[in-house]
Amino acid sequence: MIAHLSGTLLTKQATSVILEVGGVGYEVTIPLSTFYDMEDAGTQIALRIYTHVREDTLQLYGFRTARERELFLRLITVSGIGPKLAITMLSGMSADEIISALRTNNLARLTSIPGVGKKTAERLVIELRDKIAALSSPALEEELAARAGATDGQPTEDSLREDAISALTNLGYQKASAEKAIAQAMQEEGDFSVELLLRRALRTLSKG
């Protein structure tokens, strides 16, 4: 698999570039974030690459930073998020904006991206929120810490229950099943959060 390319930039467009490496021109799909940071044609550049292979195609996706590539790889692990939609997400929002939206459960921000519906946004938050903290920049960490410090009060048990039930119904579960699973999840010991309740409930629902 191709993981890195370094060579001469032959042409660039908003969504793709052609990079010449050893006399071979590679067409690479890129997000707008990479395009904005791209030099002019004729210069030497390096791209981190993800190689997407299917029966009928082999497509290269390129990124200027290892962090963007890693975020892309995390996004495509979520059901319903393919490489094309992941590139769209990285084109519509910066890496920090995506990470912030996932970590703060900002569904409105996520669904503002074409192709990301509410169910997909819910799934992204549930599956990635705790997995992407390592990709945060120092500036984002400071912003999130300041935001947390400015938040008055803690969510009530009722609001946590309602938020968790709403998330499950948005994922397609029947409300009665969701309510039962959340009620069972809340009987377990420990502190509550929406994410923790969802994980417990999804574990219960998967057994059913």
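The values are calculated or read from the model by the stated rules, or taken from the named source; none is laboratory data. On a predicted model such as this, the values are computed, not experimentally measured, just so you know. Positions of Cβ are backbone-derived with ideal geometry, glycine not excepted, and every protein chain shown enters the neighbour counts.
Points to keep in mind about this one:
- Here residue 176 fulfils each of the conditions (1) among the small types (Gly, Ala, Ser); (2) modelled with pLDDT of 80 or more; (3) in the same structural domain as residue 82 (by TED's automatic domain parsing) apart from (3).
- Summed over region 29-54, residues that are over 21 Å from the mean Cα position of the chain (by Cα) and of a type in the set (Val, Ile, Thr) total 2.
- Residue 67 passes every criterion in (1) over 26 Å from residue 194 (Cα atoms); (2) modelled with pLDDT of 90 or more apart from (2).
- Within region 2-14, the residues that satisfy the criterion of being in a loop (DSSP other than H, G, I, E, B) and in contact (Cβ under 8 Å) with a residue 40 or more places away in the chain are 2, 3.
- For residue 97: the one exception among (1) in contact with a helix residue (DSSP H, G or I) (Cβ under 6 Å, 6 or more places away or on another chain); (2) assigned by TED's automatic domain parsing to the domain that holds residue 132: (1)
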